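In what follows, a single structure is set out as C-alpha cells and then discussed.
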Amino acid sequence: MNYIGISKYDTANGPGIRVSLFVSGCRLHCKGCFNPESWSFDAGKPFTAETQAEILRALDSPYVAGFSLLGGDPFEPEHEETLLGLLKAIKARFP
C-alpha cells in the first residue's frame, strides 16, 4: 500500500488535534473531489514498518486527540491487510 502523506497536527479531519494518514488509491473518482492526486494506487510512497512507527510516535503526544484515516479511499480492498495491522497496533498501544 502507498500513502500520500501523514499529518501530525491535523485540526481539519476530526475533533481536536489528530494524526492523519492519507492513503493512495480510489476507484470512486467523485466529482469535485478535493484530493484527486490520491486516486492512483501508485501515488506517494510505500507504507513500511518505519511509517507505522512514525505514526505511533506521533500519536504518543499528550495533545493528540485521535487518529484519522483518509485518502484516496482507505476502504479499498488493497489497503485492508496493511491498515488492519496499523489499526490493531494503534488500539493495542492506545486502548
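The values are calculated or read from the model by the stated rules, or taken from the named source; none is laboratory data. Because the structure is predicted, anything quoted here is derived from the model rather than measured. Neighbour counts are summed over all protein chains in view; Cβ atoms, including those assigned to glycine, are modelled from backbone coordinates with ideal geometry. Only protein heavy atoms, including side chains, enter the accessible area calculation; ligands, DNA and RNA are left aside. Shrake-Rupley method; radii C 1.70, N 1.55, O 1.52, S 1.80 Å.
Points to keep in mind about this one:
- Residue within the stretch 48-55 that is in contact with a Gly (Cβ under 8 Å, 6 or more places away or on another chain) and either of a type in the set (Asp, Glu) or more than 18 Å from residue 12 (Cα to Cα) (or both) present: yes
- Cβ-Cβ under 6 Å pairs, at least 6 apart or on other chains, the stretch 16-35 side touching a residue at least 24 places away in the same chain (Cβ under 8 Å), far side in a loop (DSSP other than H, G, I, E, B) and hydrophobic (A, V, I, L, M, F, W, C): 24/41; 24/43; 25/41; 26/39
- Flag if residue 65 is within 20 Å of residue 14 (Cβ to Cβ) and either in a helix (DSSP H, G or I) or of a type in the set (Lys, Arg) (or both): no
- The stretch 28-38, subset open to solvent by less than 70 Å² (accessible area, probe 1.4 Å) and either of a type in the set (Ser, Thr, Tyr) or assigned to a loop (DSSP other than H, G, I, E, B) (or both), residue modelled with the lowest pLDDT: 35
- Output for the stretch 79-95, where each listed residue is modelled with pLDDT of 95 or more, surrounded by 12 or more Cβ atoms within 10 Å (Cβ to Cβ) and not β-branched (Val, Ile, Thr): 79, 80, 83, 85, 86, 87, 89
- Flag for residue 41 being touching a strand residue (DSSP E or B) at 6+ places or on another chain (Cβ under 7 Å), in a loop (DSSP other than H, G, I, E, B) and surrounded by fewer than 18 Cβ atoms within 10 Å (Cβ to Cβ): yes
- Subset of the stretch 1-24 (residues that are within 12 Å of the chain's Cα centre (by Cα), under 18 Å from residue 56 (Cβ atoms) and part of a strand (DSSP E or B)): 3, 5, 6, 7, 8, 10, 18, 19, 20, 21, 22, 23
- The listed residue being under 25 Å from residue 93 (Cα atoms) and basic (Lys, Arg), out of 31, 8: 8
- Here residue 25 passes the criteria (1) at pLDDT below 95; (2) under 16 Å from residue 69 (Cβ atoms) except the one numbered (1).
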